[in-house]
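In what follows, a structure is listed as structure tokens, so that the remarks can point back to it.
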Amino acid sequence: GALPERIAVQMSDATFEITREQQRQSARAKQRRRVNDVLYSIGSHSTLIAMSAVFIFPLYLVFVVSVMSFDQASNAELWPNPFLWGNYVEVFTAVPFLKWTANTFFVSAMTMLGTVVSSVPPAYVLSHLQWKGRQITFIIILATMMLPGQVTMIPVYLIFSKLGWIPSFLPLIVPAFFSGAFSIFLLRQFFMQIPQDLEDAAVMDGCGTFRFLWSIVVPLSRPALITVGLLNFLAAWNAFLWPLLVTRGAAMRPIQIGLSAFSTEAGVRYAELMAASTMVILPTVIVFLVAQRYFIEGITRTGLKG
């Protein structure tokens, strides 16, 4: 009876050795994974920091030039000595900066409101309602995105001129209330993710199409609506060429055109120009930081379905 016991002991020892070897291999594998994770984290964070520096450096230059003297700004120095915060005060005393900012904010807000309100119905019609020619209509709408705005600028200008709307803010605001191809496309992609079963259940409960749209679809689509509104607000805030054509005089001037007032026959007043530019950039940065969660969610979710 000793032989079987000896064999059993040997088998037990062998099993123990195999188990210890597996544990050592598992420990080495975990260590390699930890090292790889650390290297990947270092590499990815280094890349992100480098890319962030590339994007932040122009903003840094705008800010530091805004607190420099005229000579320092003209010599392209990278650090002001001393800091001249009075340049920001000079912006308000030299030009009607608050008036221009109010003009731009009014036009941007109305553009955002008009585009969002007017884009919801056609996006819903193209995504949830079944009717003949729906796909062809959608393709035609997308085709208009391929037409540069410069091509239609002169005919549109002549139309508004015949209507007697130039100079005024109407050419900047009224077109927004007739929606836009990209806004319709973005909202349509989001609306298509809302299940058809939800609409069928709402219809069975006596909910009409209009009520379903404004009571169910619109609240569920808040990220997409905020995204569309934010994109159009920023586009209107940064617009230059079209406002330049349809507005006249200092009282009607938007802020982007108003910045050209710092370019005089004596030269460009770089410090005041950069101070004004800093204050023009600041609202857009704040708006994006406040709404970035909805913006990222809206962009991401609209790309899930075609």
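The values are calculated or read from the model by the stated rules, or taken from the named source; none is laboratory data. What you see is a predicted model, and the numbers here were worked out from it, not measured in a lab. Here the Cβ is made from the backbone with ideal geometry for all residues, glycine too, and neighbour counts use every protein chain on show. What goes into the accessible areas is simple: the full protein's heavy atoms, side chains included, and nothing from ligands, DNA or RNA. Shrake-Rupley method; radii C 1.70, N 1.55, O 1.52, S 1.80 Å.
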Relative to the chain, whose Cα atoms define the longest principal axis, helix 134-144 and its Cα axis are tilted in degrees, nearest 10, by 60
With T = 4 °C, eta = 1.567 mPa s and Kirkwood Rh from C-alpha pairs, the Stokes-Einstein D of the chain in µm²/s is about 52
If one compares the long axis through the Cα atoms of helix 149-162 with the longest principal axis of the Cα atoms of the chain, the angle in degrees, nearest 10, works out at 30
In terms of the alpha carbon gyration tensor, root eigenvalues a ≥ b ≥ c, rounded if a/c is under 1.5 and otherwise prolate when a/b exceeds b/c or oblate, region 39-78 is prolate
For residue 203, the net charge from surrounding residues (Cβ-Cβ under 13 Å; K, R +1; D, E -1) works out to -3
Note: residue 288 to residue 153 extended length (0.36 nm per residue) minus current alpha-carbon separation gives 45.7 nm
Placing +1 on each Lys and Arg Cβ and -1 on each Asp and Glu Cβ in the chain, then taking the dipole about the Cα centre, the residue among 107, 193, 36 whose Cα reaches farthest towards the positive end is 193
Summing +1 per Lys or Arg and -1 per Asp or Glu among the other residues with Cβ less than 13 Å from residue 270's Cβ gives -3
When every protein chain stays in place and a 1.4 Å probe is rolled, 79, 100, 131 sorted by accessible area with the largest first are 79, 131, 100
Note: residue 74 to residue 54 extended length (0.36 nm per residue) minus current alpha-carbon separation gives 4.9 nm
Cβ-Cβ cut-off under 14 Å around residue 212, Lys and Arg +1, Asp and Glu -1: the net charge is -3
Regression test value, accessible area per residue of region 23-126, probe 1.4 Å, units Å², expected 64
Rh_Kirkwood(region 44-111) over Cα pairs, Å, one decimal, evaluates to 14.6
For the chain, the accessible surface attributable to carbon and sulfur atoms (probe 1.4 angstrom, ligands and nucleic acids excluded) amounts in percent to 69
Per residue, accessible area of region 198-266 with a 1.4 Å probe, heavy atoms of protein chains only, in Å², comes to 51
Between the residues 280, 140, 244, the Cα farthest towards the positive end of the dipole of the chain, that dipole coming from +1 and -1 charges on the beta-carbon of Lys, Arg, Asp and Glu, is from 140
